[in-house]
Amino acid sequence: MDIVVALGLILSVILGSGIVFALRPKTSTVKFLLSFSGAYLLSVCVMEMIPEVYGALAMRSGVFILVGFLIQLILSYFSDGMEHGHMHTGQHSLSMAVLVSLFVHSFVEGMALGGDVPHTHFGQSLLAGIFLHKIPVAVVITTVLSQGTMKMSRVYLILAIFALTSPAGAWFATHAETLWMQEGFLVPVVLAVVSGMLLHISTIILFETSHDHRFNAYKLITILVGVSLAFAAHFLGA
């Protein structure tokens, strides 16, 4: 696993938590961050991940993408949608089911960055997408935990575990690939599964961040900026 990948994934959680402790952002600001990250993630999935997966797995890729979508659907049920920035009004604590679901999602997400993926243009786009996605999620998690009665030492411990789960997933995928019976098969399968997961998350984000599922001008511009940056990164690296 590339040290840059690990540091980037950890930094995203540090930035998200730091935003909460330093700025106490408004809910509207978090929604803009989510809209931007959701648009960028969706663009990376459509332009980078899915073509890459189909190139490696051909017709089998659709099955694994659907599996990933369903896995995320199940995780979102237990996590109350925290991985796409959903937070109930007045929520001041996180149950064990929510935390485990968030950790599992983060671990599997990190697995997509295993092997040689981070050294490709596609891998760099994926890393940027996950980085942008984890910042607002870290903001939401930190906001909920810091508003409750939990000791700050425990809050920091939970955030540390959350920060390390994605690098742990990347490390696991990198080393498991060398032990896999069919070399070169594990990482494409993980990419397909994560594609399905991110498709679920990104589309939910784009609708949940809008009141009554309607886009106002600011959110529309935010989404278009996210898509445009992913579009530019794709063709500049092509």
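Of note:
Per-residue answers, yes or no, for (1) open to solvent by 20 Å² or more (accessible area, probe 1.4 Å); (2) farther than 23 Å from Gly148 by Cα; (3) within 17 Å of the chain's Cα centre (by Cα); (4) not aromatic (Phe, Trp, Tyr):
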position: Gly16; (1), (2), (3), (4): no, no, yes, yes
position: Phe21; (1), (2), (3), (4): yes, no, no, no
position: Leu33; (1), (2), (3), (4): yes, yes, yes, yes
position: Gly38; (1), (2), (3), (4): no, yes, yes, yes
position: Met47; (1), (2), (3), (4): yes, yes, yes, yes
position: Met59; (1), (2), (3), (4): yes, yes, no, yes
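Residue-wise test of (1) open to solvent by 50 Å² or more (accessible area, probe 1.4 Å); (2) touching a residue at least 40 places away in the same chain (Cβ under 8 Å).
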| site | (1), (2) |
| --- | --- |
| Val98 | no, no |
| Leu102 | no, yes |
| Phe107 | yes, yes |
| Ile135 | no, yes |
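- Looking across the stretch 159-201 at every residue that is aromatic (Phe, Trp, Tyr) and either surrounded by 21 or more Cβ atoms within 10 Å (Cβ to Cβ) or within 22 Å of Leu70 (Cα to Cα) (or both), the one that is modelled with the lowest pLDDT is identified as Phe185.
- Hits in the stretch 203-214 (condition: out of contact with any Ser or Thr (no Cβ under 8 Å at 6 or more places or on another chain) and at pLDDT 60 or above): Thr203, Phe207, Glu208
- For beta carbons closer than 9 Å, sequence separation of 6+ or different chains, a first residue in the stretch 215-227 that is of a type in the set (Lys, Arg) and a second that is crowded, with 17+ Cβ neighbours inside 10 Å and part of a helix (DSSP H, G or I), the qualifying pairs are Lys219/Lys31; Lys219/Phe32; Lys219/Ser35; Lys219/Leu206.
The values are calculated or read from the model by the stated rules, or taken from the named source; none is laboratory data. Everything numeric in this text was worked out from a predicted model, so none of it was measured. Here the Cβ is made from the backbone with ideal geometry for all residues, glycine too, and neighbour counts use every protein chain on show. Side chains included, ligands, DNA and RNA excluded: accessible areas come from the protein's heavy atoms. Shrake-Rupley method; radii C 1.70, N 1.55, O 1.52, S 1.80 Å.
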